[in-house]
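> Please find one structure pasted underneath; my questions will follow.
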Amino acid sequence: MAISRVFLTPLIVACALFMENMDSTVIATSLPMMARDMGESPIALKLAMTSYLVSLAVFIPVSGWMADRFGARTVFRSAIGVFMLGSILCGMSDTLAQFVAARFLQGVGGAMMVPVGRLVILRTTTKAELVRALSYLTIPALLGPVIGPPLGGFITTYFHWRWIFFINVPISILGIYLATRYIENLRSDDTVPLDWIGFLLSAIGCSTLMFGLASAGRHLVAGDVSLICVAVGTVSLLAYVWHAFRTPHPLINLRLLQIPTLRMNVFGGSLFRIGVGALPFLLPLLFQLGFGLTPFQSGLLTCASAAGAIFVKTMTTTVLKKFGFRSVLIYNTLLGALSMAAFGVLKADSPHVFIILMLLLGGCVRSMQFTSLNAIAYAEIDQRQMSQATSLTSVAQQLAIGLGVTVGGFALQVSNQVQGHATIVSADFWPAFLLIALVALASLPFALKLQPDAGAELSGRRAG
């Protein structure tokens, strides 16, 4: 009996998405153990998280062009192969430099893997079957953050953190086989020329700026090298802005920022994501270094946020229809910032039930915010601009999350030094949580500027 392609193609892509989501969530739980084995400060491991996110930001915009140019199956299989190679190198890394480079390579594969896979689904599925096909794709996106932290903690506690990356090898081999057999090698005959100048400027700008910021504090390179990287990155990104408004087919179309709802997503949403992006880095460190929990215990706690996110997704449509995007984004921003600052009051003797409840409620709030932000980005985007808008929002999202890790790590390091502690202790964390809460709160003015009926067509809410 033949398996329906409507089921099989999304399932293959979903496996790749599950692998990527698992990998990005399990590593956070294992950071303290990795740092110990590499002889580094746990704060220095923020470079490993930011390098992966920067790699995604750099290569996601060219993934669609590569699929059109070389064929979706070819790029998808190659992306899985690159991700697998990066995973092997991560598992073999003995130094921070090796690990950061391997994570960047992993990001190259991840940047091509999921967007191209999603493109295959959109181009091979009829509109009548599209919702069902995409629903298969959302399952691993929801389960990865739930399973990832406890699984990573279990492997790290009872085996070794290197196996976190080695388990990607059999999954990748299976994915390559299934893609070869069942995914069509779709390509486009009217591909626009790739904006190579824009790609180089954005790649150099994002990579050097984020590396310079993340390595501040003399992690991996000297302080003056970090400053040079920040300067080079800033100049490159400014050059990209100048270039983007003077080329007909820019890699990332900044002209779309004239659209109010998209501008809210990129600027306001990025500020909120900076705050949220720091949490997967700070919370495992708090639980393990501050409270003395094992990686497994830490993972069991942090997965509560993802459970809350899954729960609230069933209510998002109803809430948006009743209250509208503007009201939801305003009050959710306040609640989200409050939930981040609240982590600063936790102590080693805080009841685990109380911690889980905080994580669960915080996950609900942040999930509602992300769903609202992601939806309103397309409220005023027509079909021709959809691909460009997706590239712009994807890059902004990855950079914001990476910047969140950097900001959180820097705040923790400064707090530790100012308080004069020889090692990281629980008292070092509250200033970091307060800072990221304030950054997230800074997104409030962008929500306030939205029109009362913003996104009404998407939410189904009638004005008045």
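The values are calculated or read from the model by the stated rules, or taken from the named source; none is laboratory data. All of these numbers come straight from a predicted model, not from anything done at the bench. In this analysis, Cβ positions are derived from the backbone assuming ideal geometry, glycine residues included, and neighbour counts consider all displayed protein chains.
> Do we have any residue at all in region 424-438 that's under 30 Å from T318 (Cα atoms) and charged (D, E, K, R)?
Among the residues of region 424-438, not one is under 30 Å from T318 (Cα atoms) and charged (D, E, K, R), which makes the answer no.
> Looking at the structure I just gave you, is R187 in contact with a Phe, Trp or Tyr (Cβ under 8 Å, 6 or more places away or on another chain), in a helix (DSSP H, G or I) and over 29 Å from G144 (Cα atoms)?
Taking the combined requirement at face value, the residue does not satisfy it.
> Determine which member of the set L238, L271, L194 is out of contact with any Leu (no Cβ under 6 Å at 6 or more places or on another chain) and without any contact (Cβ under 8 Å) to a residue 60 or more places away in the chain.
Going through L238, L271, L194 in turn, the sole match is L238.
> For the structure I just gave you, tell me whether K347 is under 21 Å from W430 (Cα atoms), basic (K, R) and either at pLDDT below 90 or surrounded by fewer than 17 Cβ atoms within 10 Å (Cβ to Cβ) (or both).
Considered against the rule, which asks whether it is under 21 Å from W430 (Cα atoms), basic (K, R) and either at pLDDT below 90 or surrounded by fewer than 17 Cβ atoms within 10 Å (Cβ to Cβ) (or both), K347 comes out as yes.
> Just to be sure, is L399 assigned to a helix (DSSP H, G or I) and modelled with pLDDT of 90 or more?
So L399 fails the test.
> Among the listed residues S236, S270, which satisfies the condition of being at pLDDT 90 or above, closer than 24 Å to L335 by Cβ, of a type in the set (G, A, S) and buried (at least 17 other Cβ atoms within 10 Å of the Cβ)?
Of the residues listed, the single one that is at pLDDT 90 or above, closer than 24 Å to L335 by Cβ, of a type in the set (G, A, S) and buried (at least 17 other Cβ atoms within 10 Å of the Cβ) is S270.
> What number goes with the only condition from (1) more than 20 Å from the chain's Cα centre (by Cα); (2) closer than 20 Å to L45 by Cβ; (3) modelled with pLDDT under 90 that G464 does not pass?
(2)
> Tell me which of these L444 doesn't satisfy, since it passes every other one: (1) modelled with pLDDT of 90 or more; (2) within 26 Å of V54 (Cβ to Cβ); (3) surrounded by fewer than 20 Cβ atoms within 10 Å (Cβ to Cβ).
Going through the list (1) modelled with pLDDT of 90 or more; (2) within 26 Å of V54 (Cβ to Cβ); (3) surrounded by fewer than 20 Cβ atoms within 10 Å (Cβ to Cβ), L444 breaks only (2).
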